[in-house]
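J.: Structure incoming, see below.
The values are calculated or read from the model by the stated rules, or taken from the named source; none is laboratory data. These numbers come from a predicted model, not from an experiment. FYI the Cβ positions are ideal-geometry reconstructions off the backbone, even for glycines, and counts take in every protein chain you see.
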Amino acid sequence: MQFQLNEEQLMIQRAARDFAQQQCLPGVIDRDEHQKFPLEQISQLADLGFMGMMVDPLYGGSGLDTMSYVLAMEEISKVDASVSVCMSVNNSLVCWGLDQYGSEAQKQQYLAPLARGKKDGQLYIGAFLLSEPEAGSDATSQRTTAEDKGDYYLLNGIKNWITNGSSASVYLVIAQTDRSMGSHGINVFIVEKNWPGVTVGAKENKMGIRGSDTHSISFNDVRVPKENRIGEEGFGFKFAMKTLAGGRIGIASQALGIASGALELSLQYAKQRKAFGKEIMNHQAIQFKLADMATRVEAARLLCLKAAWEKDNGMDYTLSSSMAKVFASEAAMWVSTEAVQVHGGYGYVKEYHVERLMRDAKITQIYEGTSEVQRIVIGRGVLK
Ligand code: CAA
Ligand code: FAD
C-alpha cells in the first residue's frame, strides 16, 4: 500500500493551494455576503486547466488523475466552497459524463470548450439538471418530458436547484421519454441555454455557498436535435447514476476541504488566543477537540483518496464514493461547528471565516444525494 503522492500530484496540490490563498481568499467574505458569482476566479481556474482536469488533452482537458482532482478540490474548498462547487459540477458531472458517454461529434462540439472552460475567450461551463420540484432523492420520478418527434425531441418541464444555472452555457438535462418504461424510459440531452423556450428562474437566496448561482430552469417546447441525446435510448438514468458516483467524490473532497480549512484556522487560533493565563491550545478540552477534528479530517481524506484511486484504477467506486461523501460531509459539519466553538465569540462573526465554513458545510450533506441517500447506496452495496 502506497500513501505517498507523486510529483505531479504534489505540484497540483501546491498550485491549487496558491490559487486559493492568492485569488480566492481576497473578497471571499464580500462574495458570500452579496451572493456574487466568483466569475474572475472561475475564469482563472479555466486558464489553469482546472475546469476539465480529468479530460484528455485531445478534448481540451488536462489529462490528470482523479487523485489530483481530489487534492485540488480540497485546497480550493478550504477557502471558497462557492468556487469549488462550480469546479466540481463542471469537472465531474458535465465533462466526465460527456467524456465517457458522448459521441465523437458531441465531444468535439461541447466537451472541448467545456473542458477548457472557455469559448472564444468567454467563460463556457456546464450544469447538470436532474432535480425537480417533486423529484429530488426520488430521482426516477422525473416529470420533465422529452417527446420523441422523429428527428428531434420536444422538451417540457422544470428543473430545480441548478448549480451554475445562470453562468452555464450548456445544460445536461435528464428527462422522461417513455413513462411506461420507468427508469429505462429516461434520457439525457445536451441543451444550450440560449435556445428558444429555455428560461432561467430567479436566483436562490441560500444559507451557504452563497457565491454559487443556484436557479430553477424551465423548458417550454424546446426542440432538442436527436444528435444531442447522450448514449442509447433509455440510458439517461444510468448516465445520471454513473456520473453521480464520480460527482460524489468531488463533493466529498469539497466537504474534506471545508473540514480541513476549519481545522487549520482553529489550530492557528488556539496557538494565539490566551485565556486564564495561557494559550487556549494548552487547555486540554481544546486540545482534545483539535485532536478529534484532525482525526476526522484525516479519515475523510483517506476515504476520498481511496475512492479516487479506485476510479483511476478502473475499479467499481460506487460504494467508496458514497462512503467518502457521507463521512466527509458529516465530518465537515461537525468539524466546522467545533471550529466556531474553538474561536468562541470571534467564531460567530464573519471576519474569522469559520462561521461561513459552518454554513457551507451543511449543503454537502444535501446535494449530489443526501446523507440518507448515500446510506441507501451503501446499505444496498454491503448487503449485495
Ligand atoms: N450505476 C449504474 N446503474 C445504476 C446505478 C449506478 N450507480 N444506480 C442505480 N442504477 C440502475 C439500477 O440498476 C436500476 O436499473 P435496472 O432496473 O436495470 O436494474 C435503475 O438504475 C434504477 O435504480 P434503483 O432501482 O436503485 O433506483 P431507486 O429509485 O431505488 O433510486 C437512488 C436509487 C440511489 C435513491 C437514486 O434515485 C439517487 O441517487 N437519488 C439521489 C439523486 C441525487 O443524487 N441527485 C443529485 C442531483 S445533482 C446535484 O445535486 C449537483 C449538485 O448539487 C452540485
Ligand atoms: P427530498 O428528496 O424531498 O428529501 C427530503 C428529506 O427526506 C431528506 O432528508 C432526504 O434524505 C429524506 N429522504 C427522502 N427519501 C428518503 C428515503 N427513501 N429514505 C430516507 N430518507 C429519505 N440538483 C441537480 O440536479 N443539479 C444541481 O446542480 C443541483 N445543485 C444544488 C445546489 C443546491 C444549493 C441545492 C440545495 C440543491 C442542489 N441540487 C441540484 C438538488 C439536490 O441534489 C437535492 O436537493 C437533493 O438531491 C435532495 O432532494 P430534495 O431537495 O428534493 O429533498
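J.: Considering only residues that are within 15 Å of ligand 1 (Cβ to nearest atom), more than 15 Å from T199 (Cα to Cα) and of a type outside the set (D, E), which ones fall in the stretch 138-162?
T.: Scanning the stretch 138-162 gives A139, T140, S141, Q142, R143.
J.: Restricting to the stretch 334-366, give me the number of residues that are within 17 Å of the chain's Cα centre (by Cα) and surrounded by fewer than 22 Cβ atoms within 10 Å (Cβ to Cβ).
T.: Of the residues in the stretch 334-366, 4 are within 17 Å of the chain's Cα centre (by Cα) and surrounded by fewer than 22 Cβ atoms within 10 Å (Cβ to Cβ).
J.: Report, by residue number, each residue of the stretch 60-110 that is away from ligand 1 (no atom under 16 Å from the Cβ), farther than 24 Å from K306 by Cβ and under 18 Å from the mean Cα position of the chain (by Cα).
T.: Across the stretch 60-110, the qualifying residue is only V79.
J.: Any idea which of (1) more than 10 Å from ligand 2 (Cβ to nearest atom); (2) out of contact with any Gly (no Cβ under 8 Å at 6 or more places or on another chain); (3) in a loop (DSSP other than H, G, I, E, B) is the one R143 doesn't satisfy?
T.: Only one criterion is unmet by R143, namely (2).
J.: Sort through Q2, Q21, Q13, Q41 and tell me the only one that's outside the structural domain of L302 (by TED's automatic domain parsing) and at pLDDT below 95. Even if it seems obvious, please write down each step before you answer.
T.: Details: Q21 fails: at pLDDT below 95; Q13 fails: at pLDDT below 95; Q41 fails: at pLDDT below 95.
Every option except Q2 fails the conditions.
J.: What are the pairs with Cβ atoms under 6 angstrom where one residue, in the stretch 153-171, is outside any strand (DSSP E or B) and the other, located anywhere, is of a type in the set (D, E, K, R)? Sequence gap at least six, or different chains.
T.: As it stands, the answer is G165/D213; S166/D213; S167/D213; S169/K193, since those pairs meet every condition given.
J.: So is S266 more than 16 Å from ligand 1 (Cβ to nearest atom), over 25 Å from I376 (Cα atoms), modelled with pLDDT of 95 or more and more than 24 Å from the chain's Cα centre (by Cα) or not?
T.: Taking the combined requirement at face value, the residue satisfies it.
J.: Which pairs turn up if I take residues in the stretch 181-208 that are touching a residue at least 12 places away in the same chain (Cβ under 8 Å) and look for partners that are within 16 Å of ligand 2 (Cβ to nearest atom) and among the charged types (D, E, K, R) with beta carbon separation below 6 Å, at least 6 apart in sequence or on another chain?
T.: K203/D213; M207/R359; G208/R359; G208/D360; G208/K362
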